[in-house]
Amino acid sequence: MKHPLAATLLALLPLASHAADLTLEVQGLDKTRLQGAALMVAVFTEPAGWLKQPQTGRRFTLDSAADGRITVVLKDLPDGPLALSLFQDANSNGRLDMNAMGIPVEPFGFSNDAVGQFGPPKFEQAVVTPVAGQPLKIRLN
């Protein structure tokens, strides 16, 4: 015979697996390339998948960007620590464009404003634990 409390807790389990919405305040957009551009945001929850297999990804138009800034809301994020990678897709091709030496030519950034040496930062440098009601600020380079 099932216990009613256990059944109720099991029914609520899917609700507990998602954090509250996360507000991102992004600075450093290239103001000269906002027309038709998008902000691409990738969310990672595991170090093994860092910059390869995002848990989820979101695309935001930059129509409402002002002074090189935009505020966006990420909804239904996985609960717990995560790391973000984002970039301004200036030409709307869906990828971060790079020059011949592999250096990005579109503005990009990571949570914690993490910076790597001779490449992207490590997952541990970018990992954050979102707090409900507290915006996360990220500056694009």
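The values are calculated or read from the model by the stated rules, or taken from the named source; none is laboratory data. The structure displayed is predicted, hence computed values, not measured ones. In this analysis, Cβ positions are derived from the backbone assuming ideal geometry, glycine residues included, and neighbour counts consider all displayed protein chains.
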If you go through Leu5, Leu29, Leu13, the only one that is more than 14 Å from the chain's Cα centre (by Cα), modelled with pLDDT of 95 or more and not in a strand (DSSP E or B) is Leu29
Residue that is among the β-branched types (Val, Ile, Thr) and under 12 Å from Val26 (Cβ atoms), where the choices are Thr45, Thr71, Thr129: Thr71
Return a yes/no flag: does the stretch 40-54 have any residue that is at pLDDT 90 or above and over 21 Å from Glu124 (Cβ atoms). yes
Quickly run through the stretch 106-141 and pick out the residues that are farther than 20 Å from Ala20 by Cα and touching a Phe, Trp or Tyr at 6+ places or on another chain (Cβ under 7 Å). Glu106, Pro107, Phe108, Pro121, Phe123, Leu140, Asn141
Here the residues within the stretch 35-68 that are in contact with a strand residue (DSSP E or B) (Cβ under 8 Å, 6 or more places away or on another chain), more than 23 Å from Ala20 (Cα to Cα) and assigned to a strand (DSSP E or B) are Ala38
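For the stretch 75-109, name all the residues that are of a type in the set (A, V, I, L, M) and either on the phi > 0 side of the Ramachandran plot or at pLDDT 95 or above (or both).
Residues of the stretch 75-109 that are of a type in the set (A, V, I, L, M), as a first pass: 77, 82-84, 86, 90, 96, 98, 100-101, 103, 105.
Selection gives Leu82, Ala83, Leu84, Leu86, Ala90, Leu96, Met98, Ala100, Val105.
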Count of the stretch 110-141 residues which are of a type in the set (A, V, I, L, M, F, W, C), at pLDDT 95 or above and exposed (fewer than 15 other Cβ atoms within 10 Å of the Cβ): 1
